[in-house]
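Peer 1: To start, I am sharing the structure in question, which I have written as structure tokens.
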Amino acid sequence: MKQCVYMMIADACCGYSFCKIGVTGDLASRVSAVQTGCPMPITDVAFLELPPGRHRSAEAMFHQHLRAFHTQGEWFRMNLSDPAHKQAMKDATAHVLRHFGLSETKWKHMSLDAVRSLCKVLRLDNAA
């Protein structure tokens, strides 16, 4: 996989989730590494593919746009069933896409099972 901007969602409780937004060139390994240090299960993974060289600036734009929800590092505490929180994420995504002149790109979701399968395959490939 080429580099992408990712969002991982870990359920906290009471409707809140912690969303991690970062950049990686190996999504499956990144999910596995983050889950190791995360006390809550990662329940959803999404990613944006952007033109080369745009990932770090897009990540910074997301962090800036969502600063009201920032907790620590690349983590943001949000209730994605709350219309205001959901709209904030949509607005951040629209802002990033407009900045890079993109209109068609949307978050692509991967089920956690698909990520786990991918991690398993990568571990087997790396062991060989």
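The values are calculated or read from the model by the stated rules, or taken from the named source; none is laboratory data. A quick note: this is a predicted structure, and the numbers were derived from the prediction, not measured. Glycine also receives a Cβ, built like all others from the backbone with ideal geometry; neighbour counts cover every protein chain displayed. SASA here: full protein model, heavy atoms, side chains in, ligands and nucleic acids out. Shrake-Rupley method; radii C 1.70, N 1.55, O 1.52, S 1.80 Å.
Peer 1: State, to one decimal in nm, how far the label point of residue 84 lies from the label point of residue 13, with both points 7 Å from Cα in the Cβ direction.
Peer 2: The two pseudo-label positions are separated by 2.3 nm.
Peer 1: Using the heavy atoms of the protein chains alone and a 1.4 angstrom probe, what is the accessible area of the chain per residue in square angstrom? Before the final figure, lay out each step's value.
Peer 2: Working: 7280 Å² over 128 residues.
It amounts to 57 Å² per residue over the chain.
Peer 1: Is there a quick way to get the dipole size of the chain? I mean about its Cα centre, with the Cβ of Lys and Arg at +1 and of Asp and Glu at -1; what is the value in debye to the nearest 20?
Peer 2: Numbers: 15 positive and 11 negative charges, 32 e Å.
Charge dipole, the chain, about its Cα centre: 160 debye, nearest 20.
Peer 1: Relative contact order of the chain: what whole-number percent is it, with Cα pairs under 8 angstrom and at least 6 residues apart? Don't jump to the answer; show the numbers that get you there.
Peer 2: Values: 176 pairs, mean separation 38.6, N = 128.
Once normalised by length, the contact order is 30 percent.
Peer 1: Ignoring ligands, DNA and RNA, what percent of the accessible area of the chain is carbon or sulfur (1.4 Å)?
Peer 2: Values: 3960 of 7280 Å².
On the chain, the fraction of accessible area on carbon and sulfur atoms equals 54 percent.
Peer 1: Along its principal axes, what span do the Cα atoms of the chain show, with the longest given first and each in whole Å?
Peer 2: 45, 37, 23
Peer 1: With a point put 7 Å past each Cα toward its Cβ, work out how far residue 70 is from residue 2 in nm, to one decimal.
Peer 2: 2.9
Peer 1: How large is ³J(HN,Hα) for each residue in the stretch 43-50, as worked out from phi by the Karplus curve 6.51 cos²θ - 1.76 cosθ + 1.60 (θ = phi - 60°), to whole Hz, x for Gly and Pro?
Peer 2: Residue by residue, the stretch 43-50 yields 10, 8, 9, 9, 8, 10, 9, 10 Hz.
Peer 1: I would also like to ask the following. Report ³J(HN,Hα) in whole Hz for each residue of the stretch 73-81, in order, from the Karplus equation J = 6.51 cos²θ - 1.76 cosθ + 1.60 where θ = phi - 60°; Gly and Pro get x.
Peer 2: Here the 3J(HN,Hα) series is x, 9, 9, 10, 9, 9, 10, 6, 8 Hz.
Peer 1: Hey, what do the phi angles of the stretch 16-22 turn into as Karplus ³J(HN,Hα) couplings, whole Hz, using 6.51/-1.76/1.60 and θ = phi - 60°, x for Gly and Pro?
Peer 2: 8, 9, 9, 10, 10, 10, x
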